[in-house]
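These notes concern the structure reproduced below.
The values are calculated or read from the model by the stated rules, or taken from the named source; none is laboratory data. Computed from a prediction, not measured in an experiment: that's the story for all the values here. All Cβ positions, even for glycine, are placed from backbone atoms using ideal geometry, and neighbour counts span all protein chains on display. Side chains are part of the model used for accessible areas, which takes the heavy atoms of the whole protein and leaves out ligands, DNA and RNA. Shrake-Rupley method; radii C 1.70, N 1.55, O 1.52, S 1.80 Å.
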Amino acid sequence: MLWIIICFLATLLIETSVSFTVVVPGDPIEAHVGSTVILPCWISPPENAEALEIRWYRHDQFSSPVLLYNHGKIQDIQEFFSNRTSLIPRSDQSGGLKDGDVSLRLEKLTLQDEGPFHCYVSGESSYGSGEVVLKIMALGSAPVLFPKPLDDGRVNISCRSSGWYPEPNVTWMSDDRMVLRPGGSSYSPRADGMFSVHSWTAVSQSDAQLVSCSLSLRTGELKEGRLNIQGIISSDVSSGAWKALFFTLLIFALLGLVGFILYKYREKLTGKKPAKENCEEGTMEKLIKEVVEDMTIEELRRHAVEITIDRERSHPDLTVSNDCKTMRDSPGYNHTGEGFPYQLCAFGAQRVSSGRHYWEVELALNNTPPKNYWCIGVVKEGSSASRDRSALTPSAGYWFLCSDGPNDFHTNTVTPVTFSLTPRPERLGVLLDYDDGQLSFYNVTERKHLLTISSRFSGSVVPLFNPGVGDESPLKILDCPNPEESAAESESSQPLLSNNSSDA
């Protein structure tokens, strides 16, 4: 009988010595969309977990694990998490599996990854589990402020931004950091699950001269936009003196229009054209019709030129391929500023001072989504890149189209043009007509004209490229096929451009 008691106590002691507890953090783990996160999980007391079963799963999907490790190797991974999960030490001080650390590494986070993850560990005589909660965030675009003067002398200011998750807090402040009361805020869910934000407030000159709109997440991360309203209110107050002059000029303009219509009607009756109109074969109206309505992709490519990057003048944080046609942000580049990195520029090695020149740029490579961030155009030779967008103007020798995030496209023209494009361009065509002062952009894949910037060039200009930061795809300058080859690829030769194109 004594022998039986001794054996029972020995067995109980052995089982107690091999039991363990699964330990996880008590607080949620927070991470951004697109980033990589480690979900900590370990067993206590520490012991070698290489011979144990380690199962990470979600909700009640025990049999469909996020990751399953058994018999010394990873056995199974749910398709949604394929190539995104692995077991990794939670810190540099951890000994990994040999020290009982069974933490999960999860890459390329999406909004669908938010929620609980279960860490389950089992051995021959013991098992345990713990739950790690993952909170996903997305820091949206910098707010853009739009003023509108009101009849009572105040200014109504709208603040818009997109790409946020969860819904951010909106704060309006004056230049002396006093909080202003918003008129209202609205949040619109997008197809990708993130939110677009619209907030507005009305202020007077006595309230503030500089108004800021900031959007922030619970972590304290924020984006801020500012607007100086002093000049807006001043110009609105003084505008009353000009109204009488405006209406007077409007009356004269209407009388002139009536006279012009009568003049054209007389011309149709007589069948004659004024001599001056017969001579002006190269008018701007005819040019726009020729460029915007009638040209096909084959005709555009007749003006194709080979463009390469001037490696010596490209930004040091750009990675440029050996053939000087592909570029992207360097892996180690850390963009700490707000907004688009305008300084991350590359310049073409070819100079243009006359004629028409056309080139194409690929914005989606290797079955990846189209790039969200890029800037493409031309720049006066000798100009230097600047971090400040306000310094990149046509008067300073810059003309470009910029994509700053999933929804925002804008030009740097004297009157900036901001718009959305659906679908996003996967291949962008650029036609520089130096002599007639036009820079046109085309969605080559959709065979559509996007925008024409009218200006006056002087001296030599060179192509301008900026691949932005954070996209999976690089920016690649293409070698356009010969017009004959291009025509052979397409049975039809329909016009590339639509009639609803816009000019800046």
Quick one: of Lys223/Lys476; Lys380/Lys448; Lys108/Lys371, which pairs are farther than 19 Å apart, Cα to Cα? Lys223/Lys476; Lys380/Lys448
Expected unfolding gain across Arg181-Gln93 under the 0.36 nm per residue rule, minus the alpha-carbon gap, is 26.8 nm
So what does Met178 come to for accessible area, using a 1.4 Å probe and Å² rounded to 10? 110 Å²
With R₀ set to 35 angstrom, the calculated FRET efficiency between the beta-carbons of Ala202 and Val414, to the nearest 0.05, is 0.80
Given labels modelled 7 Å from the Cα in the Cβ direction, how far is it in nm from Asp479 to Ser174? 6.4 nm
Using Cα centres only, tell me the gap between segment 74-93 and segment 101-121 in whole Å. 8 Å
Computed lengthening from Leu222 to Ser386, 0.36 nm per intervening residue step minus Cα-Cα distance: 56.7 nm
Please give the contour-minus-distance gain from Glu446 to Ser321: 0.36 nm per residue of separation, less the Cα-Cα distance, rounded to one decimal in nm. 42.2 nm
Between Asn48 and Lys135, what is the spin-label point distance in nm, taking each point 7 Å from the Cα along the Cα→C-beta axis? 4.0 nm
Within the under-10-Å Cβ sphere about Leu210, not counting Leu210, Lys/Arg +1 and Asp/Glu -1 give a net charge of -1
Debye intensity ratio in log₁₀ form over the Cα atoms of segment 21-88, taken at each q of 0.14, 0.17, 0.26, 0.27 Å⁻¹: -0.49, -0.73, -1.40, -1.42
